[in-house]
Amino acid sequence: MSVKADPNWEPKILAFCCNWCTYTGADLAGLNRMKYPANVRVVRLPCSSRVNPQFILRAFQKGCDGVMVCGCHPGDCHYATGNYFTRRRFMLMKRLLEYNGIDPQRFQARWISGSEAAKFRDTVTRVAGEIKALGPNTRFQEKWYEEGGEAQ
Amino acid sequence: MKRCYYFPGCSMAATGKGYQQSIDAVARKIGLELVAIPDWNCCGATAAHTMNERMALALPARNLARAEQDGGGMEIAVACAACYSRMQYARQAVLSSPEKRAEIEAIIDMPCSGSNPVISFLELFSRPELMEAVQAKLTKNLNGLKVACYYGCLTSRPSAIARPDDPENPMQMDRIVALTGAEPVAWDFKTECCGASHQVDAPKAAQPLIHRILTNAREHGADCIVTACPLCALNLDMRQSKIMETFGGDYALPVYQFTELLALCMGVHPRDFGLHTHFTPAVGLMRNALKKGGDQA
Amino acid sequence: MSRIGVVVCHCGTNIAGVVDVERVAAEAAKLPNVVFAVTNKYTCSEPGQATMKAAIEEHQLDRLVICSCSPRMHEATFRRMLKDTRINPYMLEIANLREQCAWVHTDKEKATEKAIDLMRMAVAKVEQNKPLFTSTIPIHKKCLIIGGGIAGIQAALDVADAGYQVTIVEREPSIGGHMVMLDKTFPTLDCSACISTPKMVDVGQHPNITLMTSSEVVNVGGYVGSFEVTIKQKARYVDHTKCTGCGLCETKCPTKVPSEFNQGYNKRTAIYKPFAQAVPAKPVIDPDSCKMLKEGKCGVCAKVCPLGCIDFKDTAKEYTETYGAIIVATGYDLIPWQDLYGEYGGGRYADVITGLQFERLVNASGPTEGHILRPSDGTEPKDVVIIKCVGSRDPHKGKSYCSRACCMYSAKHAHQILEKLPGANVYIFYMDVRTPGKGYEEFYDRTRADGAVYIRGRVSKIYKENGKLVCKGEDTLLGKPVSVQADMVVLATAMVPAVGVEKLTTMLGIATDPDKWVQEAHPKLRPVETQTGGIFLAGTCQGPKDIPDTVAQASAAAVKVCGLFSKDEMETSPMISGVDQQKCCGCGFCVNCCPYKAISLVEIDAREGARRVKKTVASVNSGLCQGCGCCTAACRTGAIDLSGYTNAQILKEVDALCL
Amino acid sequence: MEECLNARSGAELANSIAARAGVKLHECYQCGKCTAGCPMAHAMDLMPRQLVRYMQLGRMEEILGSKSVWLCASCHTCVERCPHSIDIPSLMELSRQAAKARGRVGVKTVDMFSGIFMQNVKMFGKSHEALMEGVYNVTTGRFMQDMENVPHMLKNKMVGIEPHTTNNPEEIKALIERALEMGGEDA
């Protein structure tokens, strides 16, 4: 049973975006009618620092193939210092995920401002491509645990 | 009372002979034991780093290593500004990274950890215990003598290496010399360059430097210049008469080492440290100053 | 059981052209608890809203999902709409099918799949929504202004003229700040005192303004609308309620000390007004120099005072009051160049002075009655050198930033020297000449026409030779080392934040940048606000600027305060953090990461089995919390949660995506 | 002809020298405080500020052929006062070494003096002032330079005929050779 073999397989990617920068940038991409792959689903949050690491684990557990956390550029946080916490938390998170066998490319933190529509498009396009190349994620997934949680 | 390693430097055997003798005399008086680094070598001065950075670090590093081998674990006091600078550079290089240290150790072919701190003679004599010891041994004073303390470049700069009390207006020597009752003048050229070896290899370009230093000291009312470096003293002293000829100026500013003033006020006979051997006549000013100053109160 | 309604908007063809909206609605209808699902041509239009309102009644809906454009577009519209329905405005979620779906995808199939996902996520989230209610906080319509320089003065007058009460706190005995020390102001050359002292008098006489000089803020609590502020007024030893400011005491006081106002160039008495036009125009006693206060001898002032105003037993007093808003206008000081620039003599030369000292020397009411004379010997200088950027644009010894006002006041100094001292020469060492202001470049042109010699290069050393101050520089345009022999040197020294400002910013809980300038909420769009609601900025406390910019910013801050005061109470967003005190372990991680200092640790009575115990828990100040949610991710026990974006809501959204 | 700034053939060397000196070239805004304080600037053909400028432009030709890199006295006044602490003495030194490696010597006497000094150290482990000066005068043909001071020195035994040495001068010689064998990073 290999999902990867399915040529029509499309990854599901979850993006946590802060309301003030990245979500605005994503809206601007729409206003400018920019085009990018339809793999990404955005969850709108007030600030990237609202993202609890638990959310990311849950996303992988429930079958997401990739997760992005996007916020204002460091120094430009709407809430002054929130994204500094984000940055520190997710540097740690990335290493934890890597340690647990999740390809680091599956989890990406990106800073995209409200004016960087093109950056949003490019980032989403690139990440979607990268994760598509990686194939479906199976680690952490409920199914994986049910099957014994060992070698895939 | 106090022991430390001592790095005299090459000039001390030649033009810096008087400096060396005055250092010895003062050290004896105040009970400072200066242990010469066994089998020390030339620090490389400016010539070495003109040519090759590794050589410029390895030469002084060998002296650090020699001091470490001796096992005394004491600070290394350096009497010459250039030697001091090079030794500090070497120590900081050794301490900077294990790779740099390994490279230096390979060149000098002995271990070198940089464990012994390097200090200048000015820093050494500025310490409260030394200041007190000097004060206790002074029998005569130079009240009223106006001196311009000249620090030169390398005891002040780069400040991260030389660690002066103030890179633009250092006061260590001023405070030491003030113990004798002499009055250090506030002047502008304390740390300006004397030209160093360019006085030999590019004299036309470098001579105005000496002239400016002398002029400014004179402008601020100094009777003489005091230094803490054999090369600074040599440049300001030996070349003085010729520079006066070239650039004009009908005065003479005798040049002393700070230890010479201390020795003198401790009652050491000037002949014992060759006061009469200075190029710019230096005995007369001191004779008058001592006469005026009288005995220490 | 919840009753969810889903409305999928066509947005004309904007959404429907790419997304199969009917299919999205059909999929929605299949979801549990969705009792109503339709599409609508234009949901945000009046008919669209009416249809929804009717459906809410008809189907007894208790929550609503609208699949339309970005919530940043119409969330507020739809919340307003819900206000007059049975649904709480916060029982609404919006799925962004336009900006983040239809407009960015071309593959209809994939776009529709994504739209269904987004709809499902919104439905999952809305199921977890709880009704939220905006609360209001009362606004005390009284404004505190910290600092009585031109920024504080302007802001105070603007707020007071709008009819609100204002208190100015100034730590010196008079308001006026730096501006009143200046002689003339660029580029128009109007007399600084002539234009600033009338404003000072206005402040002193304004019925809505309370002036607290010799005072400092010592404690700040509360939040926007009701800050509790404690102000300490130092002992003045003169009863200002009785004093008429006749000045007899000043003429008789035997103690003379250097005048701070005149930069030490002349003396003032121990009982003194800092300058003639001081406001309040009443003296204070300087306890550090008064003989009576130091040694118990003298008391001449008390003897001559006709009204018995002198009270040597006066003590400092503290006042606590409630303010609805605070304007920080603490201004600047000049960098202590003497400690940093030994190469410029480190303060050893009396004739190497700062621009501010020059202002006093050239001022008609100054110590030299406006004659430009050298401080060392009182003679007229013939050759004057002006050195710019002393401490500015110099990260090694000073500050990395440009102090902004120096290029212009240096040009003004040059102009004044050339005007007042015929035959004098002025040499200005500069790196760049920055004149971005109305009439500034023209003024610079005029100064060069006056004869000022501009030399591009930084002076490396000033030394004395033949009685002259030799300034050694490079003319970088010639590429040659040069020197100028000067009689006097004026240094354009960097502006730095006022001494002691850190103490105040810590008290106020507002951020500063690495140079200790107060940080504005947004450098472009919120330049006079701080991150803390109700605290505003005016003038150079925020960064170096000249008088026009300072005054403009002060008025802007005043408008912000008036806007706040125009309402009796303020609605606060209900989407803020809250603590489950049962779960909270009191670790305080949330306290440290909150950018608004909105969380504090408090002690509560709790039960541990049968015992009553004291327990330390976190508590959120709803007036300060801005709802970023940073604390929620720091919480180890999950005790703290953000209303509107709760953990449960977000997790359900995540789950819904992956069904 | 005007200078064409598109040619940046020295950029690689300039950047490598800057990197080894720990200098960020872009930080220099050409205020000239370095030149202003430089005791040797009056004799230089390229001001210290201009050295940095040429490096910013990636033009090493002018630097390698200059007298300035040989006249720098390593007094460190420039870097001490520079607003951005740009280590010009190191730029000078590394440029000088690069020039020397390409056989270009802007001021021959300076190069000779260093050479003789190091030769001296190599032979004896310590330097010998009088001997050095003597060899230098002979090498440069400036026979009479500083000779007026010799009688005074001899009279006061400030110069010995016998050079002082380290215990084993061979050791220092080997040390110097090892250092030189490792070469400069660029040269």
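Each reported figure results from applying straightforward, stated rules to the coordinates on display, with no laboratory input. Just so you know, these numbers come straight off a predicted model, no measurement behind them. Here the Cβ is made from the backbone with ideal geometry for all residues, glycine too, and neighbour counts use every protein chain on show.
Side notes on the structure shown:
- Average partner coverage of B:14-26, which counts Cβ from other chains inside 10 Å: 2
- If you take all other residues with their beta carbon under 13 Å from the beta carbon of A:LYS119, and give Lys and Arg +1 and Asp and Glu -1, the sum is +1.
- Shown in residue order for the stretch C:493-506 are the 3J(HN,Hα) couplings computed by the Karplus curve 6.51 cos²θ - 1.76 cosθ + 1.60 at θ = phi - 60°: 8, 5, 7, 10, x, 4, 4, x, 5, 4, 4, 5, 5, 5 Hz (x for Gly and Pro).
- Diffusion coefficient of the protein assembly as shown by Stokes-Einstein, Kirkwood radius over Cα pairs, 4 °C, 1.567 mPa s: 35 µm²/s.
- Cα lying deepest toward the dipole's positive end in the protein assembly as shown, options D:ALA99, C:CYS594, C:CYS69, charges on Cβ: C:CYS594
- Placing unit charges on the Cβ atoms only, positive for Lys and Arg and negative for Asp and Glu, gives the protein assembly as shown a dipole magnitude near 1160 debye about its Cα centre.
- Rounded if a/c under 1.5, otherwise prolate or oblate - chain B, Cα gyration tensor axes: oblate
- For the peptide B:199-210, the mean number of other protein chain Cβ atoms found within 10 angstrom of a residue's Cβ is 6.
- Among the listed pairs C:LYS420/C:LYS464; C:LYS125/C:LYS524; A:LYS94/A:LYS119; B:LYS190/C:LYS399, those with a Cα-Cα distance over 28 Å are C:LYS125/C:LYS524.
- Amide hydrogen proximity for C:ILE640: with H placed 1.01 Å from N in the peptide plane, the residues at 5 or more positions away or on another chain lying under 5 Å are C:ASP580.
- Cα-centre dipole for the stretch D:108-184 with unit charges at Cβ (Lys and Arg positive, Asp and Glu negative), debye to 20: 100
- For the stretch A:117-134, 3J(HN,Hα) per residue [Karplus equation, 6.51 cos²θ - 1.76 cosθ + 1.60, θ = phi - 60°, Hz, x = Gly/Pro]: 4, 5, 5, 4, 4, 5, 5, 4, 4, 5, 5, 4, x, 4, 6, 4, 5, 6
- In degrees, nearest ten, helix B:81-96 long axis to first principal axis of chain B (Cα): 30
- Highest-fluctuation residue, B:ALA233, B:ALA186, B:ALA148 considered, GNM on chain B with Cα pairs under 10 Å: B:ALA186
- Beta bridges per DSSP with both ends in the protein assembly as shown, % antiparallel, nearest 5: 40
- Remark on A:VAL42: its backbone amide H falls under 5 Å from those of A:ALA15, a criterion applied only to residues 5 or more positions apart or on other chains, H modelled at 1.01 Å from N.
- Toward the positive end of the charge dipole of the protein assembly as shown, with +1 on the Cβ of Lys and Arg and -1 on the Cβ of Asp and Glu, the farthest Cα among B:SER11, D:LEU64, B:ALA77 is that of B:ALA77.
- For C:THR210, the residues whose modelled amide H falls within less than 5 Å of its own, excluding neighbours fewer than 5 places apart on the same chain, are C:VAL166, C:THR167, C:ILE168.
- Signed unit charges on C-beta, dipole axis of chain C, positive-most listed residue C:THR251, C:THR550, C:HIS522: C:THR251
- Helix B:203-219 axis versus longest C-alpha principal axis of chain B: approximately 50°, rounded to the nearest ten.
- Considering only chain C, percent of DSSP beta bridges that pair antiparallel, nearest 5: 55
- Part-to-part distance (alpha-carbon centres) for the stretch B:222-276 and the stretch B:67-103, which is given in Å: 30
- Within 10 Å of the Cβ of each residue in C:67-78, the mean number of Cβ atoms contributed by other protein chains is 2.
- With eigenvalues of the C-alpha gyration tensor scaled by 5 and rooted, the stretch C:577-643, Å: 22, 11, 10
- In the protein assembly as shown, the DSSP-assigned H stretches of four residues or longer account for a calculated mean residue ellipticity at 222 nm of -11000 deg cm²/dmol, using -39500 (n - 2.57) per stretch and the full residue count as denominator.
- Taken about its Cα centre, chain B carries a charge dipole of roughly 480 debye when the Cβ of each Lys and Arg holds +1 and the Cβ of each Asp and Glu holds -1.
- Choice from A:ALA133, A:ALA59, A:ALA29 with maximal GNM fluctuation in chain A (Cα, 10 Å cutoff): A:ALA133
- Ordered from longest to shortest, the equivalent ellipsoid semi-axes for chain C are 61, 33, 22 Å, each the square root of 5 times a Cα gyration tensor eigenvalue.
- Note on the stretch C:146-230: antiparallel DSSP beta bridges, both residues inside, total approximately 60 percent of the bridges counted.
- With a cut-off of 9 Å between beta carbons, the residues surrounding C:VAL528 carry a summed charge of 0, where Lys and Arg count +1 and Asp and Glu -1.
- Rounded, prolate or oblate (a/c below 1.5 giving rounded, otherwise prolate when a/b exceeds b/c) for the stretch A:1-151 by Cα gyration tensor: oblate
- Cα gyration tensor category, rounded, prolate or oblate, for the stretch B:135-266 with a/c compared to 1.5: oblate
- 3J(HN,Hα) along the stretch C:539-548: x, 6, 5, 8, x, x, 7, 8, 5, x Hz, from the Karplus curve 6.51 cos²θ - 1.76 cosθ + 1.60 with θ = phi - 60°, whole Hz, x for Gly and Pro.
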